[in-house]
1. Is it fair to say residue 75 is surrounded by 20 or more Cβ atoms within 10 Å (Cβ to Cβ), at pLDDT 85 or above, touching a helix residue (DSSP H, G or I) at 6+ places or on another chain (Cβ under 7 Å) and under 14 Å from residue 151 (Cα atoms)?
2. What number goes with the only condition from (1) basic (Lys, Arg); (2) modelled with pLDDT under 65; (3) over 20 Å from residue 50 (Cβ atoms) that residue 120 does not pass?
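The values are calculated or read from the model by the stated rules, or taken from the named source; none is laboratory data. Model, not experiment: these values are computed from the prediction. Note that we place each Cβ from the backbone using ideal geometry, even for glycine, and neighbour counts take in every protein chain shown.
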Amino acid sequence: MGETLLTLTIITLIIITILKARPVILENPVSIHRPGQFHITLAPQLNQAQSFVEQIAKQFIESYHPKGDLPTQYFEVRDPKVYSKGQKSYLLAISLRGGELYFQAANPNAPKQEAGSHYKTLREYSESVLQNHPLSGSEDESGVESLRSTVEGIAAPLQISVEVLPPGE
C-alpha cells in the first residue's frame, strides 16, 4: 500500500512538473541545416518558431518540385506561443536557392508606425544570411503562390496569423 502511494505521488509530481515547465528561450541565434532540404536561421528568443518553420519546409518539399530559384518571400507572423523582446510578432523570410529552402526569422526593430520598417529589417537580415547564395538566372515565379499557400495552410490549424509583406520598397 505504501509503495503504491509513493509511486502515485511521484507520477503526480512528474506530471505537474511537465505541465508547469516553461519552454527554454535561447538568448543566442539558432542555425539548423539539413543538407539538400533546408537551412533555418532563428534570431535570439525565436527558437520556438522552429517547429512551425520545419513543418513549412517538410510540406513544401513534399508537394512542390521547383523549376528554379524562388525570390525571397517576407511574412509577419503572429504566434501566441512565440514572442520575443516584448514583440507580438516576428518576421520570417523564405527563399529557395539551388533546391534548398532558406528561412530567416528575425525580431522587428522599428515601431509598427513606420511604414516599411518591418520589411527593411527583414530584408537586411535575409540578405546578410543569403549573401553566399545569390539567385541563379532562372527564377520560378509559379512557386511563389505555392509557397504562400503552404505557409498559410500550416499556420491556420496552429492558430498562427501570417501576413505577407510586400516584396519591395
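1. In short, yes.
2. Failing condition for residue 120: (2).
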